[in-house]
1. Can we say K220 is surrounded by 11 or more Cβ atoms within 10 Å (Cβ to Cβ), assigned by TED's automatic domain parsing to the domain that holds P265 and under 20 Å from F251 (Cα atoms)?
2. Looking only at region 388-428, which residues are in contact (Cβ under 8 Å) with a residue 12 or more places away in the chain and in a helix (DSSP H, G or I)?
3. Within region 186-270, considering only helices (runs of 4 or more DSSP H) that don't extend past its boundaries, which have at least 3 residues that are over 19 Å from Y170 (Cα atoms)?
4. Is it fair to say Y126 is among the aromatic types (F, W, Y) and either assigned to a loop (DSSP other than H, G, I, E, B) or surrounded by 13 or more Cβ atoms within 10 Å (Cβ to Cβ) (or both)?
5. So which pairs qualify, if the first residue must be in region 94-106 and under 15 Å from D63 (Cα atoms), the second must be of a type in the set (F, W, Y), the Cβ gap must be under 8 Å, and the two must be at least 6 apart or on different chains?
6. Does L362 count as in the same structural domain as T412 (by TED's automatic domain parsing), within 13 Å of L391 (Cβ to Cβ), in a loop (DSSP other than H, G, I, E, B) and not small (G, A, S)?
Amino acid sequence: MSADSKKQPNIVGEINDTEKQIRELIVAREGGGAQGEAASGLLKEQYKALKEASAAGVCIYKDGRIEEANIEFASMLGFQTYEVFGLGTLSFVQTADREKIASRMKSGQEDPCEVELVRKDGTSLYAWVKARNMEFNGGTASALTFFDISDFVESRAELEDELDFLECAYNNLPDPFYIADLSGRLMRWNRAMKTVSGYSDEELSGMSITDFVAKEDIVKVGEAVNESFEKGVGKVIEVTAVTRDGKRIPFEFYGGILADGDENPIGVCGVGREISSRRRALKIVELQRDLALKVMEAKGLPQVFEICLDVVLKATGLDSGSIYLYDHSAGTFEMVRSIGLSEPFILAARHMSAESRDVSQLKAGKPVYRVHEMLAVSRDGAEIGERLKCLALVPLSHSDVLLGCLSVTSHTLEEIPRESKALIEALIAQIGRHIVWAQQHFAEQVYQKLSKYLFQSPH
């Protein structure tokens with residue numbers, strides 16, 4: 001249902017016009033004097049004509065009873081006109097709403113209010129009523145003007161039901177959804193919008209859609225909106241969303257134009273989806289491709305170790321690390337390559353004994369993540385301080401056979417970032433395959449060279 005099809009009637013204006021005419025006639029009739037008395041008969045006829053012609057229900061309420069009323073008022077309540085005279089205690093108003101009218105008559109408050117009226121047959125209708133106190137027949141009375149808004153209330157209820165349905169629908173969307181006016185100011189939003197952005201309903205009210213976008217993407221958003229207006233179709237863009245606490249999240253937003261029944265733009269709407277996982281997956285695919293290409297160009301097994309370690313460090317932003325191979329006979333790990341570590345530390349850490357606290361966990365196929373202000377290894381009773389702040393040891397295996405482990409460390413980060421952990425664990429299986437391939441490939445090369453030498457030997 002279109003909101004435009006449920007126009008609110010100009011009730012206030014009609015009430016004011018009706019009330020003004022009644023007041024003028026009553027003042028003229030009560031003015032007294034020769035002029036007033038001479039005009040009294042004419043004024044009564046005019047007043048009667050006004051009452052009968054008015055689109056609003058009009059009554060004069062004095063001393064707890066109705067003194068005057070027009071046909072529209074009586075018809076509104078299902079009475080004959082003569083039946084409404086003498087009705088008292090606002091008996092034609094639902095009990096819960098009587099105080100609204102009574103308080104306005106008592107205080108002189110003139111703004112209209114919505115009330116529920118009771119017809120003669122017990123059915124209900126809804127009306128807007130305005131009360132104005134005035135002098136009448138030598139005392140104080142209240143002119144009450146009623147306008148039937150039953151159709152409007154029914155339409156409003158239908159519209160509210162539809163809005164409740166729509167609100168329920170978009171609140172169950174897992175992704176942020178918003179509706180904004182043509183200036184970009186938010187008008188409606190869903191629960192996910194609050195959850196992701198971190199803002200409350202009060203804070204979101206009046207905010208602009210660009211308030212949630214990184215500064216470098218604001219121009220992109222404006223260009224997308226302009227293009228949607230020009231072409232009449234929505235557009236998908238990728239932007240960095242910024243939350244209330246400053247967190248930056250990659251998002252893909254689809255925005256479109258809201259139009260009325262005549263296709264005139266009245267606002268914009270959009271839905272966004274976090275694409276961190278998608279970007280991470282793409283990054284992993286790119287890393288795996290680059291790693292495979294580089295390994296294929298390697299000149300020897302040591303270079304394969306260095307390539308694997310270098311790719312992991314660059315992908316995670318960590319500054320140091322090493323690769324260990326597992327000695328199945330001794331149950332130990334031996335360092336075969338390192339990057340970014342000092343020589344004393346390499347000498348001290350090149351061997352992990354079977355009794356090491358981390359070896360049993362690595363042999364069980366579980367990674368080790370440690371956070372320390374300083375990590376050190378002991379060699380001959382001397383502490384070698386490399387001043388590492390975090391460390392990850394991830395087992396390297398292939399076809400369920402333990403090959404060794406990858407050690408990545410940082411001198412600056414307090415802990416291994418969650419995204420870095422995901423990247424390491426995503427690459428580790430491929431690194432294991434590359435090491436096995438390289439061992440076989442370069443062993444075959446050595447065998448071929450040795451065979452060639454032996455067959456060509458004069459001995």
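The values are calculated or read from the model by the stated rules, or taken from the named source; none is laboratory data. Here the structure is a predicted model, which means the values were calculated and not measured. Counting neighbours? That spans all protein chains shown, and the Cβs are built from the backbone with ideal geometry, glycine included.
1. Numbers: surrounded by 11 or more Cβ atoms within 10 Å (Cβ to Cβ): yes; assigned by TED's automatic domain parsing to the domain that holds P265: yes; under 20 Å from F251 (Cα atoms): yes.
The answer is yes for K220.
2. The answer is E419, S420, K421, A422, L423, I424, E425, A426, L427, I428.
3. Filter on region 186-270 gives 218-231.
4. Working: among the aromatic types (F, W, Y): yes; either assigned to a loop (DSSP other than H, G, I, E, B) or surrounded by 13 or more Cβ atoms within 10 Å (Cβ to Cβ) (or both): yes.
Yes, satisfied.
5. M105/Y61
6. no
Results for (1) over 17 Å from I339 (Cα atoms); (2) assigned to a strand (DSSP E or B); (3) without any contact (Cβ under 8 Å) to a residue 24 or more places away in the chain; (4) of a type in the set (F, W, Y), shown as yes or no for each residue.
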{"position": "L282", "(1), (2), (3), (4)": "yes, no, yes, no"}
{"position": "V285", "(1), (2), (3), (4)": "yes, no, yes, no"}
{"position": "K294", "(1), (2), (3), (4)": "yes, no, yes, no"}
{"position": "E306", "(1), (2), (3), (4)": "no, no, no, no"}
{"position": "G321", "(1), (2), (3), (4)": "no, yes, no, no"}
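Residues checked against (1) at pLDDT 90 or above; (2) under 30 Å from E230 (Cα atoms):
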| residue | (1), (2) |
| --- | --- |
| R156 | no, no |
| L159 | no, no |
| D164 | no, no |
| C168 | no, no |
| L182 | no, yes |
| M187 | no, yes |
| K194 | yes, no |
